[in-house]
Amino acid sequence: MSPSIQVCPDLPALLTVAQAAIAQIIVSTVQSQGSCSIALSGGSTPKPLYEALSREALPWEHLAIFWGDERYVPPDHPDSNQRMAREAWLDQVPIPGDRIFPMATSAADPATAAAAYEQVLRQALQTPPPDIPALDVILLGLGDDGHTASLFPHTAALQVHDQLITVGEKSGQPRLTFTVPLINQARHVIFLVSGTNKQAALSQIFATAADANQYPARLVCPQGQLLWFLDAAAAQGLPENLQSA
Ligand code: 6PG
């Protein structure tokens, strides 16, 4: 399925459109299958989106919340993606606690934590090996270096195809991350990208040819729907035809 690209004038407009789209996917997914699994992104872009989603009237008890990546810090650490999402959204809405599945980061070895989260995911989505669980929604951001989740350029995580969760690495710091096969099994993958600092990476990601090891977001080609929500600052420089896709 070819990607759908929506360019909005600014970040507030991007968040409004993305919020409506995500809410609609959640409602329709719950209506059709009784539940909706969604993996959250970290970073700064999605925080106001999470705050806005907390004000929606959604079928909270039918959601299952996961994280697409996590910094390897305690859950109360300022850098924790879990902490950010709980404070901005999850603590404000009646999602049952046993429907929220954070990436545990207490194991001494991050590889142990990655394997543990794989089991959590398989159990929650009732998908034993060798099948790959299909999440209903995966939210992703884009780094100015072209990374997404914690799949950073030229790291071993990009080549992991026999696991669902692996250990990523940014500047020597370990992170837990969805692998490419898990991301690409999703029914809806949604990128939120804002700011002029993302222009260069975006142009490489949408280029006809570029090195996916240098720009890992190029590896995201889901079997389901791929939605890009960009603001004009990030999208400047993309070919006109792409901006109306
Ligand atoms: C993280 C994210 C990461 C993020 C990008 C963009 O844990 O930081 O998962 O992939 O989405 O780095 O971050 P910003 O939204 O802050 O630009």
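The values are calculated or read from the model by the stated rules, or taken from the named source; none is laboratory data. Just so it is clear, the structure is predicted and the values come from calculations on it, not from any experiment. Cβ atoms come from the backbone with ideal geometry, glycine included; neighbour counts cover every protein chain shown. Surface areas here come from the heavy atoms of the whole protein model, side chains and all, with no ligands, DNA or RNA. Shrake-Rupley method; radii C 1.70, N 1.55, O 1.52, S 1.80 Å.
The single condition among (1) buried (at least 24 other Cβ atoms within 10 Å of the Cβ); (2) more than 24 Å from LEU49 (Cα to Cα) that LEU125 does not satisfy is (1).
Just one residue in the set GLN185, GLN204 is closer than 18 Å to ASP69 by Cβ, free of Cβ contacts under 8 Å to residues at least 60 places away in the same chain and not basic (Lys, Arg); that residue is GLN185.
Residues that are farther than 19 Å from GLN173 by Cα, within 16 Å of the ligand (Cβ to nearest atom) and either of a type in the set (Lys, Arg) or within 16 Å of the chain's Cα centre (by Cα) (or both) occur at least once in segment 57-70.
Can you say whether GLY34 is of a type outside the set (A, V, I, L, M), open to solvent by less than 40 Å² (accessible area, probe 1.4 Å) and more than 21 Å from ALA149 (Cα to Cα), as far as the supplied structure shows?
When the stated conditions are applied, GLY34 passes them.
May I ask you to list the residues in segment 29-56 that are more than 16 Å from the ligand (Cβ to nearest atom) and of a type in the set (Phe, Trp, Tyr)? Listed by number, the list is empty, since nothing qualifies. Being under 15 Å from ASN213 (Cα atoms), touching a residue at least 12 places away in the same chain (Cβ under 8 Å) and away from the ligand (no atom under 12 Å from the Cβ) is a property that does not hold for THR166. If only residues of segment 196-231 that are within 25 Å of LEU49 (Cα to Cα) and of a type in the set (D, E, K, R) are counted, the one that is surrounded by the fewest Cβ atoms within 10 Å (Cβ to Cβ) is ARG218.
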